[in-house]
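Below is one structure, written out as structure tokens; the observations come after it.
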Amino acid sequence: MAEPRQAGRKVVLDPARAAALDVLKAVRVDRAYTNLVLPAALRHYGLEGRDAAFATELASGTIRRRGTYDAVLAACIDRPLSKVESKVLDALRLGTHQLLSMRVPDHAAISTTVDLVRARVSSGAANFANAVLRKVSQQDLAGWIETITPDPRTSPSRYAALAFSHPEWVVDELREALGATGRDELDALLEADNENPRVTLVARPGRASREELPGEPTPYSPYGTVLEGGDPRSVPAVAEGRAAVQDEGSQLVAVATAEAPLEGRDELWLDLCAGPGGKSGLLAALAAQRGARLVASERLPARAGLVRRTLLDGGAYAPGVAGVVAADGTLAPYRPGVFDRVLVDAPCTGLGALRRRPEARWRRKPDDLVQLVLLQRQLLRSALDLVRPGGVVLYATCSPVLSETSNVVTSVNGARADVDLADLTPLFAGVPRSDGPVPGTVQLWPHRHGTDAMFLALFRKLV
Ligand SMILES: C[S@@+](CC[C@H](N)C(=O)[O-])C[C@H]1O[C@@H](n2cnc3c(N)ncnc32)[C@H](O)[C@@H]1O
């Protein structure tokens, strides 16, 4: 830990803030994922319990709300932010998050940030940081939002982008996805994207029961619990691979794949885009209970390795697993019509899981959609070829963006005479306001259901 001197006094850097600064740098410079670099930073600085929680909120919250904070900082600095040294800007963002969104007293937020800048950059930069953060501290978040935003009636997207810290194109996509009936929920959705989601666990049926897991039962999935806090790895069933961390919406995708009504044979299931294996873990457990078996398929060999690890029980595959295959789902090496159930959990923009991936909103670009939509259609067509007549294909995305959801589903459905879009809503009768954009489809939302914004559509291959 760096220990700079300040006018003869030794300054001990606060390790939680130093860890958060390291995470911001890794995300900015190495394009790292917050969730992957945070644990290493916490370990490096020996942070546990409340200190680890503070550092986590500091890093994740700062990255999520960077759009708002940069507009605040731009109003407090008389040169463009692009001319501020990156390390100093990172520290200013951390200080701003503490001042405007965390319950840190102003003097502590400012002095700890100034110490960080002095230790990591220079005394001159520390003086600059001190002056800027004093200006930031003159208003609370609501006051700053008034100052930095345009009139929401004339510039609604720009207003929402600045007030809720999302890129403007993402605001537009989410507004369109909410549709006419949900339009007045846009603010609630954007605000939900800025919250740290609570950790949800899944008990893999037949291997663990949810009664042995800590936390409250999830409202919609019969297999989940919601933790109040604590490290999920300290839960024995999680450490033993009988339970796992999994968003409730993802649990519902696996459950719907397993429970979609099917006539006749129900023996062989396929997860076509399985990496890293969360849904495969639940699907395999459900398959085992029915005497069926799951093939988990994933294009990237490294991710197929993660799926394999998820599906191992001791040295062998867990019950219900037929195998794990590294294969491109658009050219999948399986006989057409061999599977009874197929899940296509398609690669997507992930704009429905922004709570979990603090940096994702700033990385995604509108152009990504073009490639992704092409791939999504190919994967769905391939899944429809692989399922037997009478079998079912569940298409899912962790994005509510219409070009990835309704457009993919209607274009593929419209082009094929051998499939029907089936009605998934009876399986979601207990989940209020979960109708999707196309009749029969389902759309979950963070602000309505506390889940990621999963989209689900069910296809049946005609006999
Ligand atoms: C949304 S993730 C799947 C998440 C997974 N079902 C789970 O619950 O853990 C999409 C996955 O599709 C994989 N993928 C991308 N292109 C693919 C392709 N052409 N064929 C098969 N998998 C592909 C990605 O590598 C990624 O692991």
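Brief remarks follow.
- 5 angstrom amide H check on ASP313, placed H, neighbours 5+ away: ALA318
- DSSP bridge orientation in the chain - percent antiparallel, rounded to nearest 5: 60 percent
- Along the chain, counting only GluC sites (Glu not before Pro) with a DSSP assignment other than H, G, I, E or B and at most 11 other Cβ atoms inside a 10 Å radius, the longest segment between sites is 264-463.
- Relative contact order [Cα under 8 Å, 6+ residues apart], the range 5-141, whole percent: 24 percent
- Rounded if a/c under 1.5, otherwise prolate or oblate - the range 246-461, Cα gyration tensor axes: rounded
- The lysines whose alpha-carbon is closer than 26 Å to the alpha-carbon of LYS365, local same-chain residues fewer than 8 away aside, are LYS25, LYS83, LYS87.
- Calculated on the Cα set of the range 40-147, radius of gyration then Dmax: 13.5, 40 Å.
- Distance from the range 53-99 to the range 216-271 (C-alpha centre basis), Å: 37 Å
- Derived value for the chain: Kirkwood hydrodynamic radius 23.6 Å. Basis is the mean of 1/r over every pair of different alpha-carbon atoms.
- With the simple model of a label 7 Å out from the Cα in the direction of the Cβ, GLU176 to ARG265 spans 4.2 nm.
- Karplus-derived 3J(HN,Hα), 6.51/-1.76/1.60, for each residue of the range 393-399, Hz, glycine and proline x: 10, 9, 9, 9, 9, 9, 8
- Residues HIS97, HIS449, sorted so that the one with the fewest Cβ neighbours within 10 Å comes first: HIS449, HIS97
Every number in this text was worked out from the coordinates using simple rules, so none of it is lab data. Keep in mind that this is a model prediction, so the values were computed, not measured. Every residue, glycine as well, gets a Cβ built from its backbone with ideal geometry; the counts of neighbours run over all protein chains shown.
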